[in-house]
1. In the list Y70, Y79, which residue meets the criterion of being in contact (Cβ under 8 Å) with a residue 12 or more places away in the chain, of a type in the set (F, W, Y), in a helix (DSSP H, G or I) and not assigned by TED's automatic domain parsing to the domain that holds L11?
2. Let me spell it out: the conditions are (1) closer than 30 Å to L164 by Cα; (2) in contact (Cβ under 8 Å) with a residue 40 or more places away in the chain; (3) open to solvent by less than 50 Å² (accessible area, probe 1.4 Å), and G61 meets all of them except one. Which number is the exception?
3. Take segment 201-254 and flag every residue that is open to solvent by less than 50 Å² (accessible area, probe 1.4 Å), more than 23 Å from E27 (Cβ to Cβ) and away from the ligand (no atom under 16 Å from the Cβ).
4. Which of the numbered conditions does L213 fail, given that it passes all the others? Conditions: (1) over 29 Å from L80 (Cβ atoms); (2) free of Cβ contacts under 8 Å to residues at least 60 places away in the same chain; (3) outside the structural domain of I120 (by TED's automatic domain parsing); (4) not small (G, A, S).
5. Test G61 against the criterion of being outside the structural domain of D211 (by TED's automatic domain parsing) and of a type outside the set (S, T, Y), and give yes or no.
6. Please specify each residue of segment 145-168 satisfying the condition of being touching a residue at least 12 places away in the same chain (Cβ under 8 Å), in contact with a Leu (Cβ under 7 Å, 6 or more places away or on another chain) and under 20 Å from N207 (Cβ atoms).
7. Pull up segment 1-21, narrow it to residues that are away from the ligand (no atom under 11 Å from the Cβ) and of a type in the set (A, V, I, L, M), then point me to the one that is farthest from S227 (Cα to Cα).
8. Any idea how many residues of segment 74-128 are open to solvent by 30 Å² or more (accessible area, probe 1.4 Å) and of a type in the set (A, V, I, L, M)?
Amino acid sequence: MKKYEGYLIDLDGTLYRGSEMIPDAVEFIKRLQQAERRYLYLTNNSSRLPEQVAERLRAFGFPAKPEQVYTSALATANYLKEELSSPYVYVIGEEGLKRAIEEAGCTLTENNPEVVVVGIDRQFTYEKMKKASLFIRQGAQLIGSNPDKALPTEIGLLPGAGSLIAAIATATGVKPLIIGKPEPIILRYALEKLGSSPENTLIIGDNLETDILAGVNSQIDTLLVYSGVTTPEMYEHSSISATYQVASLSEWTI
Ligand SMILES: [Mg+2]
């Protein structure tokens, strides 16, 4: 096993499952901290602010500061700032996404936006979809925070951001630009924030289509952990390859 300087770590299914923490994961993060490794908590969920994510992690026992959290909302906001010079934006999304986009100097508007950004929005309506479609037909670019089709919850799998983005893409016939895992954009910004090179960084996650594919797409080594959505049987039948696999993070030597 190679030694890595930097770690990009998924949250749900990797550090906790819903409202249940994974004890081996807490011990693992404490080992990273003791060894003075750099790490970021990397999540596709755009609904929460970094301070809310850090607070939730601390409640589970993880050492976490807001600046150690990187979300698809922050990556989307950074893209709007760096690549599109903080445009006028119509946002379908929750507080985490809206706040990040505003903090990137963009103006939120329902009047002739240059970009439509779509993330998870549990108040999604036909009215919002109608507005987004008309703006895109008038020339606005469609950007999706993350492609997750479904969200695991206590009552089952609920529609995720990817489902809402797909609805608007279908309505307009436009292909969205996706920012979150497994796309390279979020990884590029996360590595910048971490101050680590792709060769010296390890992505840890439970999801083949997001976490592990993100590593494959950006030439970063990956550690698949069987504590979440993927079972060893599923991995055996998948075309996506992880660099390493473990049943628990306690097996990983830093
Ligand atoms: Mg996960």
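The values are calculated or read from the model by the stated rules, or taken from the named source; none is laboratory data. Predicted model only: the values in this text are computed from it and were never measured. Reconstructed Cβ throughout: ideal geometry from the backbone, glycine too, with neighbour counts over all protein chains shown. Calculation scope for accessible area: heavy atoms of the full protein, side chains included, ligands and nucleic acids excluded. Shrake-Rupley method; radii C 1.70, N 1.55, O 1.52, S 1.80 Å.
1. Going through Y70, Y79 in turn, just one is in contact (Cβ under 8 Å) with a residue 12 or more places away in the chain, of a type in the set (F, W, Y), in a helix (DSSP H, G or I) and not assigned by TED's automatic domain parsing to the domain that holds L11: Y79.
2. Of the numbered conditions (1) closer than 30 Å to L164 by Cα; (2) in contact (Cβ under 8 Å) with a residue 40 or more places away in the chain; (3) open to solvent by less than 50 Å² (accessible area, probe 1.4 Å), the odd one out for G61 is (1).
3. S218, I220
4. (1)
5. yes
6. Scanning segment 145-168 gives S145, A150, L151, G160.
7. Among those residues, the one meeting the criterion is M1.
8. Count: 3.
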